[in-house]
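Undergrad: Structure incoming, see below.
Bear in mind that the values in this text are calculations on the coordinates, not laboratory data. Keep in mind that what you see is a predicted model, and the values were worked out from it rather than measured. Neighbour counts are summed over all protein chains in view; Cβ atoms, including those assigned to glycine, are modelled from backbone coordinates with ideal geometry.
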Amino acid sequence: MCLWHTPRFRSGGRYSRANGVVSQKPASEIAALIRGQFRPKLVLLKIIQVLTQKKIAVPSYNVLAKLIMAALNRHKRTLSEIID
């Protein structure tokens, strides 16, 4: 992920670069939504809402879509391992 798309948080009226803890937050929330069996479109809308509420700059659609697809594939792998 390039620096332009890294999440940022609001500080004193400006956006500044976030540390690693903040940038991992969207991925963990996406994983929780995927486990709850939400549709990908609803996951996208919910994560945008969460990022906006927490005053974190929303990355591009492509970045969020890749995070959602990675979480979805990871969840599918976990479920298939359980079945096998």
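Undergrad: Residues in segment 43-57 that are farther than 15 Å from residue 71 by Cα and in contact (Cβ under 8 Å) with a residue 12 or more places away in the chain: how many? If you could, list the steps in order and put the result at the bottom.
TA: To start, the set of residues in segment 43-57 that are farther than 15 Å from residue 71 by Cα comprises 45, 48-57.
Next, only the ones that are in contact (Cβ under 8 Å) with a residue 12 or more places away in the chain stay: 48, 50-51, 54-57.
Final tally of qualifying residues: 7.
Undergrad: Still on this structure, I have one more. Within segment 39-64, how many residues are outside any helix (DSSP H, G or I) and surrounded by 16 or more Cβ atoms within 10 Å (Cβ to Cβ)?
TA: Matching residues across segment 39-64 total 4.
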